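The values are calculated or read from the model by the stated rules, or taken from the named source; none is laboratory data. Given the structure is predicted, the values throughout are model-derived calculations rather than measurements. Reconstructed Cβ throughout: ideal geometry from the backbone, glycine too, with neighbour counts over all protein chains shown. Ligands, DNA and RNA are stripped out before the accessible areas are found, and what is left, the full protein with its side chains, is counted by its heavy atoms. Shrake-Rupley method; radii C 1.70, N 1.55, O 1.52, S 1.80 Å.
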Amino acid sequence: MAALGKVQAGGEVPLPSDIRRDVGIRPGDTVLIRRTGPATVELEVLPRLTLAEIIERYHVDQPYDDATIREEWQEAAAREVFGSRDE
């Protein structure tokens, strides 16, 4: 099945409802878009993960300390913006 679409000002391309229905695309789905040729793209609907699947896939082995992590990234960002204070 093929359909025409028009690129809108913000770069969006609305997908026709029959294509969405046939492929199983629902609001909130994540799609992977890859260039397959000079004027060709492929769109792939990525599977939705349950919370259990996310926890299994992105398992963390050590305790999570938000305060320490936040402090470390803020210090790193400050060094990147303002340079090392030791110089």
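A simple packing score, the average count of other Cβ atoms within 10 Å per residue, orders the peptides 7-13, 75-81 as 75-81, 7-13, with the highest score first.
Shown in residue order for region 44-55 are the 3J(HN,Hα) couplings computed by the Karplus curve 6.51 cos²θ - 1.76 cosθ + 1.60 at θ = phi - 60°: 10, 7, 7, x, 7, 9, 7, 4, 4, 5, 5, 4 Hz (x for Gly and Pro). Other residues lying with their Cβ under 12 Å from the Cβ of residue 41 contribute a combined charge of 0, Lys and Arg counting +1, Asp and Glu -1. Our summary gives the chain a relative contact order of 13 percent, counting only alpha carbon pairs under 8 angstrom and 6 or more residues apart. Rg and Dmax of the chain, based on Cα coordinates, read 21.5, 63 Å. Against the chain, whose longest principal axis comes from its Cα atoms, helix 66-82 is set at around 90 degrees.
The residues of the chain expose on average 95 square angstrom of accessible surface per residue, using a 1.4 Å probe on protein heavy atoms. Taking only DSSP H segments of four or more residues, each worth -39500 (n - 2.57), what value at 222 nm results for the chain once the sum is divided by all its residues, to the nearest 500 deg cm²/dmol? It comes out at -10500 deg cm²/dmol, rounded to the nearest 500. Counting only protein heavy atoms, what percent of the accessible surface of the chain is carbon or sulfur at a 1.4 Å probe? Carbon-and-sulfur percentage of accessible area, whole number: 55.
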